[in-house]
1. Within the range 84-125, which residues are assigned to a helix (DSSP H, G or I), surrounded by fewer than 19 Cβ atoms within 10 Å (Cβ to Cβ) and touching a strand residue (DSSP E or B) at 6+ places or on another chain (Cβ under 8 Å)?
2. Does the range 159-180 include one or more residues that are under 17 Å from residue 53 (Cα atoms), buried (at least 18 other Cβ atoms within 10 Å of the Cβ) and in the same structural domain as residue 54 (by TED's automatic domain parsing)?
3. Can we say residue 127 is without any contact (Cβ under 8 Å) to a residue 24 or more places away in the chain and more than 16 Å from residue 52 (Cα to Cα)?
4. Considering only the range 146-205, state which residues are farther than 23 Å from residue 60 by Cα, assigned to a helix (DSSP H, G or I) and without any contact (Cβ under 8 Å) to a residue 60 or more places away in the chain.
5. Can you run down the residue pairs with Cβ atoms below 8 Å, 6 or more apart or on separate chains, where the first is in the range 49-73 and at positive phi and in the same structural domain as residue 87 (by TED's automatic domain parsing) and the partner is assigned to a strand (DSSP E or B) and surrounded by fewer than 19 Cβ atoms within 10 Å (Cβ to Cβ)?
């Protein structure tokens, strides 16, 4: 592991902006400060990123996994976590209703809210998650390339999710919905930590390991931008 070190009394060799961005693991030995890149630490510990593309869903109970999805514009990511079974699920759906393209829904059911969300739930239950223990959060639904709200795809996706979850008796405990920036979401299976980063550079972190989701940056319930 290659580490950056500073001599006693010297200014930190790890730039402050990189520390804040979470790109370095910082530790101290005596008066010396050391830093090593987080990806190196993850590699040594056997941790791995599992990519969840648009119209895809992944469920995992492997604590070494981090579920990652990019390009959350008008799409919505629905996240599920059972903190007892440590089962995590992430669905990235693109459109609200499979009736918009029935043929595609047969081959790619996770592209649509009404066919994707039930499959996310079933996959999580099969892996040991329990509905009574599971915590849910959602992100996305931005108004992308539609300044006048002509199509409102993000809003339609959001309303579809709420309707389906309500019918299933599910409460979505946190929402980061709306705005005009795309988002990247990282979901740590081991501890239920979610990191959201927008294309505008904003970053928010939360732990969805209980019904009372903790946010480190003031994220509020049903927070809209």
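The values are calculated or read from the model by the stated rules, or taken from the named source; none is laboratory data. These numbers come from a predicted model, not from an experiment. When we count neighbours, we look across all protein chains shown, and the Cβ atoms used for this are built from the backbone with ideal geometry, even at glycine.
1. 100, 119, 123
2. Step one: list which residues in the range 159-180 are under 17 Å from residue 53 (Cα atoms), which gives none.
Scanning the range 159-180, I find no residue that is under 17 Å from residue 53 (Cα atoms), buried (at least 18 other Cβ atoms within 10 Å of the Cβ) and in the same structural domain as residue 54 (by TED's automatic domain parsing), so the answer is no.
3. Details: without any contact (Cβ under 8 Å) to a residue 24 or more places away in the chain: no; more than 16 Å from residue 52 (Cα to Cα): yes.
Against the criterion (without any contact (Cβ under 8 Å) to a residue 24 or more places away in the chain and more than 16 Å from residue 52 (Cα to Cα)), residue 127 does not qualify.
4. Within the range 146-205, 155, 162, 163, 166, 167 qualify.
5. 71/184
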